[in-house]
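Visitor: This structure is in structure tokens; I'll ask about it shortly.
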Amino acid sequence: MNPLRVGRVDFINTFPLAWSLEHRLGPGTIEETLAVPTGLNALLAAGALDVANVSSIAYAHNAADWVLLPSICIASEGEVDSVNLVTDVPLPAITSIAVTAKSAASVALVRVLFPNAEIRAEGLPADATLLIGDEALRSAIEDPTPHHDLGELWFERTGLPMVFAVWAARRTVAVDRLLALDHALASAVADASEHAALVAEAAAERYGFPAGFLARYFDNLHYGFSDRKREGLQRYFELAAEAGIIDSAPALEFAGATQGARG
């Protein structure tokens, strides 16, 4: 059997999964590709990957062709730390935002939260700049300009978690293989949580951030795809549809079951 072609975001936020996952899958089980979120979105849509850790909004664009792994996502309930709007302009006065090309979910979230702001390409002058991932973490340490956490702004507006990324798979992939991967990922999350200090120290050594800073960062991330996370994701899709980002809010369909069947 050919290895499952799996894409993973090449950011610190997936490090806890990678730390444990490599011990839970046998050699040759997966063939991993690392890329930024928008890169993985394109690779999965093109059929170059079987499963990928993609932008949550990408699922809405491809729901007819993809299913979700049921146990795993990347979310926050409030602060996420690695999705920031950097600006010294008061938020109500922002008229333009320069957005990164690496993310689709965060750009859509900016459009939902700031519907009247002009969206500009990365690097162009603007009242505010959207930073994500490791770059956002580094900027928060080094740049004194105010950083506004989009996970927190979303929570203040909706009272719900923000799901930034999901694991999606092409519908042609065998369900048993997807559920085996889902189980391994969920087990990896539990293992990383049990050894949180070791994970933070290993990540600090690899990425050059203070271990305490990363421990707090990992603690703010939610990986379990609970019913509450699903509610937050559905609300995000509804608001994205209202903003004209997607045509309509899709139902969440999971490998081996539908959202409705899971209750």
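The values are calculated or read from the model by the stated rules, or taken from the named source; none is laboratory data. In this text the structure is predicted, and so the values were computed from the model without any measurement. Note that each Cβ is placed from the backbone with ideal geometry, even for glycine, and that neighbours are counted across all protein chains shown. We work out accessible area using only protein heavy atoms, side chains counted, and drop any ligands, DNA or RNA first. Shrake-Rupley method; radii C 1.70, N 1.55, O 1.52, S 1.80 Å.
Visitor: Out of the residues in region 36-94 that are polar (S, T, N, Q) and part of a loop (DSSP other than H, G, I, E, B), state the one that is farthest from D182 (Cα to Cα).
Guide: In this case the residue turns out to be T87.
Visitor: OK, next. Identify, by number, the condition in (1) open to solvent by 70 Å² or more (accessible area, probe 1.4 Å); (2) touching a strand residue (DSSP E or B) at 6+ places or on another chain (Cβ under 8 Å); (3) β-branched (V, I, T) that T172 doesn't meet.
Guide: Every condition holds for T172 apart from (2).
Visitor: Out of (1) part of a loop (DSSP other than H, G, I, E, B); (2) over 18 Å from E77 (Cα atoms), what's the single condition that is false for L160?
Guide: (2)
Visitor: Please specify each residue of region 1-27 satisfying the condition of being over 17 Å from H183 (Cα atoms) and either at pLDDT below 85 or open to solvent by less than 50 Å² (accessible area, probe 1.4 Å) (or both). Talk me through it step by step, then tell me what you get.
Guide: Taking region 1-27 and keeping what is over 17 Å from H183 (Cα atoms), we get 1-2, 9-13, 15.
Across region 1-27, the qualifying residues are M1, V9, F11, I12, N13, F15.
Visitor: How many residues are of a type in the set (A, V, I, L, M, F, W, C), open to solvent by 20 Å² or more (accessible area, probe 1.4 Å) and in contact (Cβ under 8 Å) with a residue 40 or more places away in the chain if we restrict to region 35-48?
Guide: Of the residues in that region, 2 qualify.
Visitor: Out of all the residues in region 199-209, which are touching a residue at least 40 places away in the same chain (Cβ under 8 Å) and either under 15 Å from S56 (Cα atoms) or of a type in the set (A, V, I, L, M) (or both)?
Guide: Initial filter on region 199-209 (touching a residue at least 40 places away in the same chain (Cβ under 8 Å)): 199, 202-203, 206-207, 209.
Across region 199-209, the qualifying residues are V199, A202, A203.
Visitor: Check L153 against each of (1) aliphatic (A, V, I, L, M); (2) at pLDDT 95 or above; (3) open to solvent by 30 Å² or more (accessible area, probe 1.4 Å); (4) over 19 Å from the mean Cα position of the chain (by Cα) and name the one condition it does not meet.
Guide: (4)
Visitor: All but one of (1) open to solvent by less than 10 Å² (accessible area, probe 1.4 Å); (2) over 21 Å from A192 (Cβ atoms); (3) of a type outside the set (S, T, N, Q) hold for V51, so report the exception by its number.
Guide: Failing condition for V51: (2).
Visitor: Quick one: in region 87-110, which of the residues that are of a type in the set (S, T, N, Q) and open to solvent by less than 80 Å² (accessible area, probe 1.4 Å) is farthest from V9 (Cα to Cα)?
Guide: Taking region 87-110 first, the residues of a type in the set (S, T, N, Q) are 87, 95-96, 100, 103, 106.
This time we only want the ones that are open to solvent by less than 80 Å² (accessible area, probe 1.4 Å), so: 87, 96, 100, 103, 106.
Values: T87: 26, S96: 28, T100: 15, S103: 11, S106: 14 Å.
Once the filter is applied, the top-ranked residue is S96.
Visitor: Which one is least open to solvent (accessible area, probe 1.4 Å) among residues in region 139-150 that are touching a residue at least 24 places away in the same chain (Cβ under 8 Å) and more than 26 Å from R228 (Cα to Cα)?
Guide: S139
Visitor: Tally the residues that are more than 13 Å from E77 (Cα to Cα) and either outside any helix (DSSP H, G or I) or open to solvent by 50 Å² or more (accessible area, probe 1.4 Å) (or both), restricting the search to region 200-226. Spell out how you get there, then give the answer.
Guide: Step one: filter region 200-226 for residues more than 13 Å from E77 (Cα to Cα), giving 200-216.
Next, from what is left, pick out any that are either outside any helix (DSSP H, G or I) or open to solvent by 50 Å² or more (accessible area, probe 1.4 Å) (or both): 201, 205-210, 212-213, 216.
Selection size over region 200-226: 10.
Visitor: In region 243-263, which residues are at pLDDT 95 or above and β-branched (V, I, T)?
Guide: Across region 243-263, the qualifying residues are I245, I246.
Visitor: Another question, then. Restricting to region 111-137, what's the tally of residues that are surrounded by fewer than 16 Cβ atoms within 10 Å (Cβ to Cβ) and of a type in the set (K, R)? Write out each step before concluding.
Guide: Start the filter on region 111-137 by keeping residues that are surrounded by fewer than 16 Cβ atoms within 10 Å (Cβ to Cβ), which leaves 115-116, 118-119, 121-125, 135.
Pick out the ones that are also of a type in the set (K, R) and you get none.
So the answer is 0.
Visitor: Also: Considering only region 89-105, how many residues are within 16 Å of the chain's Cα centre (by Cα) and farther than 15 Å from G123 by Cα?
Guide: 2
Visitor: OK, next. Does region 179-188 include one or more residues that are open to solvent by less than 30 Å² (accessible area, probe 1.4 Å) and either aromatic (F, W, Y) or outside any helix (DSSP H, G or I) (or both)?
Guide: Let us first name the residues in region 179-188 that are open to solvent by less than 30 Å² (accessible area, probe 1.4 Å), namely 181-182, 184-185, 187-188.
Restricting the remaining residues to those that are either aromatic (F, W, Y) or outside any helix (DSSP H, G or I) (or both) gives none.
No.
Visitor: What pairs can you find where one residue is in region 210-226 and of a type outside the set (A, V, I, L, M), the other is open to solvent by less than 20 Å² (accessible area, probe 1.4 Å) and assigned to a helix (DSSP H, G or I), and their Cβ atoms are less than 6 Å apart, with a gap of 6+ or different chains?
Guide: Qualifying pairs under 6 Å: F218/P16.
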